[in-house]
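Trainee: One structure is given below, represented as structure tokens, and several questions about it will come after.
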Amino acid sequence: MSVRQRNEPFYRKNGWVRGLIHFHTRFSDGWGTVGQAAEIARAGGFDFLIVTDHLRNLKLKTGRTLQEYVSACERASARAGIPVIPGGGTGRTRTAGARPS
């Protein structure tokens, strides 16, 4: 057993991974780029990042496309060395008690 294996956190010894699963970037209302988010996740010891920008009206609000968003995640993943998974919300809400359509 190497020193690294002995010092690994309990969750890694048992096959678990740790991810940062909610991070907004400049693609919506966050302050950083997707690349910066990936570096923050990696430096924090996370094994993956799920970027969760608001995607409703992305082109209208930022002038960028969904494909640009996905490509930014792919580039960030390659640079940071951890999976960067594009996710997001549409911003749809329901009134209390209303049934989904």
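Every number here is computed from the coordinates shown, using simple stated rules; none is lab data. Computed from a predicted model, the values in this text were never measured in an experiment.
Trainee: Kindly write out, for the stretch 57-71 in residue order, the coupling ³J(HN,Hα) from the Karplus curve 6.51 cos²θ - 1.76 cosθ + 1.60 (θ = phi - 60°), rounded to whole Hz, with x marking Gly and Pro.
Mentor: Each residue of the stretch 57-71 in turn: 6, 3, 5, 5, 7, 10, x, 10, 9, 4, 5, 5, 4, 4, 5 Hz.
Trainee: From zero outward in steps of 10 Å, how is the percent of C-alpha pairs of the stretch 22-70 spread across the bins?
Mentor: With 10 Å bins starting at 0, P(r) equals 27, 54, 17, 3.
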